[in-house]
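The next block holds one structure in the form of structure tokens; read it before the comments.
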Amino acid sequence: MGRGSGSEVVWPAVSVPNTWVSVWRTRQVLLDRYFVLTAVLPTFLLMLCVFGLPLLFSFYLSFTGWALDQPLFTGRFVGLANYQDLLTDPGFTGAIGKTFAYTFAAVAAQMGLGLAIALLLNVDLPGMRFFRTALIIPMMITPIVGALCWKLLLDPSHGVINQWIGQQIVWLGRPDTALASVWVVGVWQSTTYVTLILLAGLRSLPSEPLEAALIDGASRRQAFWYITLPMLRPYLLVALLLRTIFEFRTFDNIYAMTGGGPANATMVLSMYTYLMSFVQFDFSLGAAAAWLMLLMSMLMCVFFIVVIRRREPL
């Protein structure tokens, strides 16, 4: 014990061995790891039972000729016969073409309209918060409810759309207009999703590069094309990836509005798989169709991930 200035007592510092500190830190790390393990493990096991086991069973079904009146795991092994039947079925190959065409058209419209609306809302004007809040209304409506509402609007006898244009068009009953009608509903429902992502990206971009470009004499169009758009590229790629995945497996609108008709005009892969499994009760063929659809989705995801990782730094 020593004395400082006045009557203040200065106690000697107590040194803690480094080994004690390292042991305490090791125990702390182990406790953290065990806590994470015990917290995540129940959820992981539950998700494995809910999703993993049905996936494995459907994969097993895709290689068998199992029927509904047979006991489980008693189907005859047929190898790749189910996949061969699908790839030679004009209905399935036609569904692939319609799915890709619908996905491309829907995603292109959503990205273009979403970017345009985001640019319009990226200004600080009185009342702009109201429009930004009203933007999410289509997202708050359950997809099946929104599809049924649009089905009423497109009704040939009592629909508002026909009354506005003064013609009686069977929008959902004609092969040349059914898929376009479903496309309009999909764009209406999901454009706001893209807009919110891009608007968040626009609001987070630094203003200095844009101001410097305008000072140097660049026009608004040049500043957008060479400054804003490259900085917005990560948000565009994320929105493009998410919307492509969601639109590729679209089901709600088609199920509620057309059911795959008329004359298979709206028969996309998800609808084909549903009808094959739960209407015709050919679960083996439906499982094979579902796994082919999953394989296509995974290939698209890998493609987009490679594109995102190879983007040039800004």
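Here are the numbers for this structure:
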| read-out | value |
| --- | --- |
| Flag if Met298 is outside any loop (DSSP other than H, G, I, E, B) and surrounded by fewer than 18 Cβ atoms within 10 Å (Cβ to Cβ) | yes |
| Residue in segment 256-272 that is part of a helix (DSSP H, G or I), open to solvent by 50 Å² or more (accessible area, probe 1.4 Å) and either touching a helix residue (DSSP H, G or I) at 6+ places or on another chain (Cβ under 7 Å) or under 30 Å from Pro206 (Cβ atoms) (or both) present | no |
| Residues of segment 107-144 that turn out to be over 21 Å from Leu232 (Cα atoms), aliphatic (A, V, I, L, M), in a helix (DSSP H, G or I) and open to solvent by less than 70 Å² (accessible area, probe 1.4 Å), as a count | 3 |
| From the options Ser190, Ser284, residue that is polar (S, T, N, Q), touching a residue at least 60 places away in the same chain (Cβ under 8 Å) and within 30 Å of Arg76 (Cα to Cα) | Ser284 |
| Pick from segment 60-77, criterion of a type outside the set (Phe, Trp, Tyr) and at pLDDT 90 or above, ranking: nearest to Met296 (Cα to Cα) | Ser62 |
| Residue match in segment 36-56 (condition: among the polar types (S, T, N, Q), loosely packed, with under 12 Cβ neighbours inside 10 Å and out of contact with any strand residue (DSSP E or B) (no Cβ under 9 Å at 6 or more places or on another chain)) | yes |
| Members of segment 179-226 that are open to solvent by 40 Å² or more (accessible area, probe 1.4 Å), among the aliphatic types (A, V, I, L, M) and more than 30 Å from Ile161 (Cβ to Cβ) | Ala200, Leu210, Ala212, Leu214, Ile215 |
| Within segment 233-255, considering residues that are closer than 20 Å to Ile96 by Cβ and among the β-branched types (Val, Ile, Thr), the one most open to solvent (accessible area, probe 1.4 Å) | Ile245 |
| Selection from segment 155-206 of residues that are hydrophobic (A, V, I, L, M, F, W, C), assigned to a loop (DSSP other than H, G, I, E, B) and farther than 26 Å from Ala118 by Cβ | Ile169, Val170, Trp171, Leu172 |
| Failed condition for Val10, given (1) at pLDDT 75 or above; (2) of a type in the set (Val, Ile, Thr); (3) touching a Lys or Arg at 6+ places or on another chain (Cβ under 8 Å) | (1) |
| So Ser22, is it open to solvent by 90 Å² or more (accessible area, probe 1.4 Å), of a type in the set (S, T, N, Q) and at pLDDT below 85 | no |
| Looking only at segment 207-236, and only at residues there that are outside any helix (DSSP H, G or I) and of a type in the set (A, V, I, L, M, F, W, C), the one that is farthest from Ile305 (Cα to Cα) | Ala218 |
| Odd one out for Leu152, checked against (1) surrounded by fewer than 18 Cβ atoms within 10 Å (Cβ to Cβ); (2) modelled with pLDDT of 90 or more; (3) not in a helix (DSSP H, G or I) | (3) |
| Residue in segment 107-122 that is more than 30 Å from Leu242 (Cβ to Cβ), of a type outside the set (A, V, I, L, M) and at pLDDT below 90 present | no |
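The values are calculated or read from the model by the stated rules, or taken from the named source; none is laboratory data. Quick caveat: nothing in here was measured; it's all calculated off a predicted structure. Cβ: placed from backbone, ideal geometry, glycine included. Neighbour counts: every protein chain shown. Remember, those area values only see protein heavy atoms, side chains included, never the ligands or the DNA or RNA. Shrake-Rupley method; radii C 1.70, N 1.55, O 1.52, S 1.80 Å.
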